[in-house]
1. Which length gain, in nm to one decimal place, applies between residue 117 and residue 56 when the Cα-Cα distance is subtracted from 0.36 nm times their residue separation?
2. How far apart, in nanometres, would the label points at residue 176 and residue 80 be if each is projected 7 angstrom from Cα along the Cα-to-Cβ direction?
3. Subtract the Cα-Cα distance of residue 225 and residue 19 from 0.36 nm times their separation in residues, and report this length gain in nm to one decimal.
4. What residue among 102, 138, 155 has its Cα farthest toward the positive end of the dipole of the chain, where the charges are +1 on Lys, Arg and -1 on Asp, Glu, each on the Cβ?
5. Quick one: the Cα spread of the stretch 127-252 along its three principal axes, in angstroms, biggest first?
6. Regarding the chain, what are the three Cα extents along the principal axes, ordered largest first, in Å?
7. Count neighbours as other Cβ atoms within 10 Å of each site's Cβ, and list the GluC sites (Glu not before Pro) in the stretch 224-281 that are DSSP loop with at most 12 such neighbours.
8. Which of the GluC sites (Glu not before Pro) across the stretch 33-133 are loop residues per DSSP, with 13 or fewer other Cβ within 10 Å?
Amino acid sequence: MASAVRFQTFGGTEVLEVVDVDRPEPGPGEVRVEIVASSINPGEAAIREGRLEDVFPTTLPSGEGSDLAGRVQSTGPGVTGIEAGDEVIGFSDRRGAHATHAVVPAENLVPKPAGVTWEEAATLYVAGTTAVAAVRAVGIASGETLVVAGATGGVGLFAVQLARLAGARVIGLARRDDHPLLEDLGVEPVEYGAAALERLRELAPDGVDAFIDTAGHGSVDLALALGVAPERIDTVADPAASARGVKTEGNAQGGGAATLARLAELVAEGALRVVIDTIYPLQRVAEAYDHLATRHVVGKIVLRME
Ligand SMILES: NC(=O)c1ccc[n+]([C@@H]2O[C@H](COP(=O)([O-])OP(=O)(O)OC[C@H]3O[C@@H](n4cnc5c(N)ncnc54)[C@H](OP(=O)(O)O)[C@@H]3O)[C@@H](O)[C@H]2O)c1
């Protein structure tokens, strides 16, 4: 048997159950993974609440989760180059990652480097590839100044580090308690709130070249008030802002498995740090999402299956 998260109706975390299911069988081109760790994302909560039906329709009862890291258990017909026992990182695009086992297309999997922990590996797909897309979307060049709103969130912590690797000066908006973490990463922290515009103008008197918004809460207004050109602003938290000419590139533009493999290499090389806020066992998935819903998580929340 396998265990998997299910919800029968849309709603809050009270609709989440962990149920026994048959182990899924891989079809042609597919692989069954015994999942060791997964991570959770705000978009998954929005899907479960029924708020994203126009973009990502749901068939009830539904499973949940994209990010996964685990061991290959069996392969379907036609799969080559991957075999039982391989340690992999990947993603489910059928909402099957919050489970002990998942079947995914072989091309959704990349090798897990030995130096990357299961928990680290499980954070990289949704948040990491979204950060890659956002940094690419704003076209950051070495020496330019970038502001990241939500700098210590799941996407934000990847975005600030990727922009630093690209040679940018990075200013991160975050709560004061989290400023030491940003400083450790070579990021200049600024508290968000009413006085943020003045603080940013003071810190960057020659202007800000680009802005990534992972927080919402008027961050696009802030970016425009700073004089950043709309085409150099990317938001993953405020889709309606596309009407104002800003970009909304995220996971879909992130580059999938190839980007995931590159992110894993960066972690293995020590060039990219994965910050994990809390690890919950699968059985406590509802508590994990309640924690994420505070929207003041530092880095990622991980689910551990075993
Ligand atoms: N389009 C896509 O492909 C895509 C992919 C992934 C995520 N997303 C979206 O991107 C957003 C971020 O995701 P995530 O996983 O990074 O979320 P997260 O881990 O919950 O991070 C949220 C961040 O928002 C900050 N924040 C909370 N309240 C704020 C406020 N009033 N003003 C400014 N900042 C505030 C928090 O900072 P403090 O702790 O410092 O308050 C935190 O760093 C979500 O809306 C998510 O749905 C989109």
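Every number here is computed from the coordinates shown, using simple stated rules; none is lab data. Given the structure is predicted, the values throughout are model-derived calculations rather than measurements. Here the Cβ positions follow ideal geometry from the backbone for every residue, glycine too, while neighbour counts run over all protein chains shown.
1. Value of the extension gain: 18.9 nm.
2. 6.2
3. That pair, residue 225 and residue 19, stretches by 69.2 nm at full extension.
4. Of 102, 138, 155, it is 138.
5. Projected onto the principal axes, the Cα atoms of the stretch 127-252 cover 33, 27, 26 Å.
6. Cα extents, longest axis first: 60, 40, 33 Å.
7. none
8. Working: sites: 34, 44, 49, 53, 64, 83, 87, 107, 119, 120; in loops: 49, 53, 64, 83.
Qualifying residues, ordered by number: 53, 83.
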